[in-house]
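Participant: Let me begin by handing over the structure; questions about it come next.
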Amino acid sequence: MLKIEDVNTFYGNIQALKGISIEINEGEVITLIGANGAGKTTTLMSICGIVPPRSGNITFLGSSLLDKEPDEIVAMGISQVPEGRRIFPYLTVQENLDMGAFLRKDQEGIARDREYIYELFPILAERRNQAGGTLSGGEQQMLAISRAIMARPKLLLLDEPSLGLAPLIVLQIFDIIKKINTENKTTIFLVEQNANLALKTAHRGYVMENGAITLADSCENLLENEAVRKAYLGM
Ligand code: ATP
């Protein structure tokens, strides 16, 4: 579905991605783990067209993304939940959800998806008329994910959904991520520093260090890998 091939991305003359290749098949949950500053967010920015690669290629369903603007990439079916959530604080929960569906015209489908989200996250249903900015951090993360789902993406990109949240809330959010994949048939690319949880949630994983991919394997194998256990699982 998504193919990243030998991508090099720079900020000025700082090279953040050094020849990375990642492949995501339809129906998979793929995780990218790595330390602070490894280049995980830059990988997502390169996919979305916000920080385009200087060389290499990224294709989605057979079409190159390199000549596309960020809004065209969203319209092709890729939605991102950025790090730090960034919901609209002065809009209500429901208005935030509707913003996610702004490219869609099927009013019935939009209403159905809204109800689906309220079933997934009953707390958002309770707070549907409350301003987004008054929600707790965990609820805002739920809202940010929900807003992305309202676009009906084929591929959902999640940047550190666990960041700054209490452990119980994180577990709840990761359960929902699995559900969105199995029930909603959405392919998911999950960028995480919480390697333990990410590797227990995804099918396959990539490990990134200093802008390069150092390991790619099934999550089962990565959880058993000695280097991964030492560097990322604190064992
Ligand atoms: P984090 O978990 O902290 O977000 P990350 O793995 O997502 O880390 P990136 O944010 O992709 O890492 O950063 C990769 C490298 O690029 C780092 O060395 C970082 O300092 C650098 N970098 C990121 N954004 C910029 C920018 N706007 N300008 C210059 N350098 C940047």
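The values are calculated or read from the model by the stated rules, or taken from the named source; none is laboratory data. The structure displayed is predicted, hence computed values, not measured ones. Positions of Cβ are generated from backbone atoms using ideal geometry, with glycine treated the same way; all protein chains shown enter the neighbour counts. All accessible areas refer to the heavy atoms of the entire protein, side chains included, with ligands and DNA or RNA removed. Shrake-Rupley method; radii C 1.70, N 1.55, O 1.52, S 1.80 Å.
Participant: Starting at the first residue of region 154-169, write each ³J(HN,Hα) from the Karplus equation 6.51 cos²θ - 1.76 cosθ + 1.60 with θ = phi - 60°, in whole Hz, x for Gly and Pro.
Facilitator: Karplus values, whole Hz, x for Gly and Pro: 7, 10, 10, 9, 10, 9, 6, x, 8, 4, x, 10, 5, x, 5, 5.
Participant: For Cα pairs less than 8 Å apart in space and 6+ apart in sequence, what is the mean separation divided by the residue count of region 107-235, i.e. the relative contact order in percent? Please list the in-between numbers first.
Facilitator: On the way: 105 pairs, mean separation 21.1, N = 129.
It comes to 16 percent, rounded to a whole number.
Participant: Another question, then. Using a 1.4 angstrom probe with every protein chain in place, what is the largest-first accessible-area order of GLU224, GLU83?
Facilitator: On the way: GLU224 130, GLU83 65 Å².
These residues rank, largest area first, as GLU224, GLU83.
Participant: Strictly greater than 18 Å: what percent of every Cα pair in region 19-96 meets that?
Facilitator: On the way: 1519 of 3003 pairs.
So the pairs more than 18 Å apart make up 51 percent of the total in region 19-96.
Participant: Taking every pair of alpha-carbon atoms in region 1-141, give the share separated by more than 27 Å as a whole percent. Could you put the intermediate results ahead of the total?
Facilitator: Values: 3411 of 9870 pairs.
Value for region 1-141: 35 percent of Cα pairs lie more than 27 Å apart.
Participant: With every protein chain kept in the model, how would you rank MET99, MET208, MET76 by accessible area, 1.4 Å probe, largest at the top?
Facilitator: MET99, MET76, MET208
Participant: Which order do you get for ASP98, ASP6 if you rank them by accessible area with a 1.4 Å probe, largest at the top? Write out the running numbers ahead of the final one.
Facilitator: On the way: ASP98 60, ASP6 90 Å².
Largest accessible area first, the residues go ASP6, ASP98.
Participant: Report the extension gain between ASN210 and SER55 in nm, rounded to one decimal, defined as 0.36 nm multiplied by the number of residues separating them, less their alpha carbon distance. Before the final figure, lay out each step's value.
Facilitator: Values: separation 155, 0.36 × 155 = 55.80 nm, distance 1.77 nm.
That works out to 54.0 nm of additional length.
Participant: Continuing with this model, one more query. Report P(r) for region 126-187: all Cα-Cα distances, bin width 5 Å, range 0 to the bin holding the largest distance, values in whole percent.
Facilitator: 4, 16, 29, 24, 19, 8, 0
Participant: Evaluate the distance, in nm, between pseudo-label points positioned 7 Å from the Cα of LEU66 and of GLU95 along their respective Cα→Cβ axes.
Facilitator: Distance between the two pseudo-spin positions: 4.2 nm.
Participant: For region 32-111, which whole-number percentage of the solvent-accessible area (1.4 Å probe, protein heavy atoms only) is attributable to carbon and sulfur atoms?
Facilitator: On the way: 2220 of 4000 Å².
It is 56 percent, rounded to a whole number.
Participant: Could you tell me the distance between the Cα centroids of region 78-98 and region 176-229, to the nearest Å?
Facilitator: 25
Participant: Here is a follow-up. Quick one: angle between helix 137-149 and the longest Cα principal axis of the chain, in degrees between 0 and 90, rounded to 10, please.
Facilitator: For 137-149 against the chain, the angle is about 90 degrees.
Participant: Evaluate the relative contact order of the chain (contact order divided by residue number), counting alpha-carbon pairs under 8 angstrom at least 6 apart; express in whole percent. Each step should come with its number before you reach the end.
Facilitator: Numbers: 430 pairs, mean separation 65.4, N = 235.
Relative contact order for the chain comes out at 28 percent.
Participant: What FRET efficiency comes out for ARG229 versus HIS203 if R0 is 22 angstrom and r is the Cβ-Cβ distance? Round to the nearest 0.05.
Facilitator: Numbers: r = 19 Å, r/R0 = 0.88.
It comes to 0.70.
Participant: In whole Hz, what ³J(HN,Hα) sequence does region 170-184 give by Karplus (6.51, -1.76, 1.60; θ = phi - 60°), x for Gly and Pro?
Facilitator: 4, 4, 4, 5, 5, 4, 5, 4, 4, 4, 4, 6, 7, 7, 8
Participant: What are the principal axis extents of the Cα atoms in the chain, in Å, biggest first?
Facilitator: Result, largest extent first: 46, 43, 31 Å.
Participant: Leaving ligands, DNA and RNA out of it, work out the accessible area of VAL81 with a 1.4 Å probe and give it in Å² to the nearest 10.
Facilitator: 0
Participant: Among ALA231, GLN141, THR214, which residue has its Cα positioned farthest towards the positive end of the charge dipole of the chain, with +1 placed on the Cβ of Lys and Arg, -1 on the Cβ of Asp and Glu, and the dipole taken about the Cα centre?
Facilitator: Of ALA231, GLN141, THR214, it is GLN141.
Participant: Between LYS185 and ASN25, what is the label-to-label distance in nm when each label sits 7 Å out along the Cα-to-Cβ direction?
Facilitator: Result for the modelled spin labels: 1.7 nm.
Participant: A follow-up question, please. Quick one: dipole size for region 14-72, taken about the Cα centre, charges +1 on Lys/Arg Cβ and -1 on Asp/Glu Cβ, in debye to the nearest 20. Walk me through the numbers on the way to the answer.
Facilitator: Numbers: 4 positive and 7 negative charges, 79 e Å.
Once rounded to the nearest 20, the dipole reads 380 debye.
Participant: Let me ask something else about it. Which one of GLY132, GLY62, GLY100 has the biggest mean-square fluctuation once the chain is modelled by GNM with Cα springs under 10 Å?
Facilitator: GLY62
Participant: Want the number for GLN15 to ARG86: 0.36 nm per residue separation, take away the alpha-carbon distance, what's left?
Facilitator: Numbers: separation 71, 0.36 × 71 = 25.56 nm, distance 2.66 nm.
Gain on extension, GLN15 to ARG86, equals 22.9 nm.
Participant: Could I ask something else about it? Would you mind calculating the relative contact order of region 81-131 from Cα pairs under 8 angstrom and at least 6 residues apart, reporting the percent as a whole number?
Facilitator: Details: 23 pairs, mean separation 27.0, N = 51.
After rounding, I find 53 percent.
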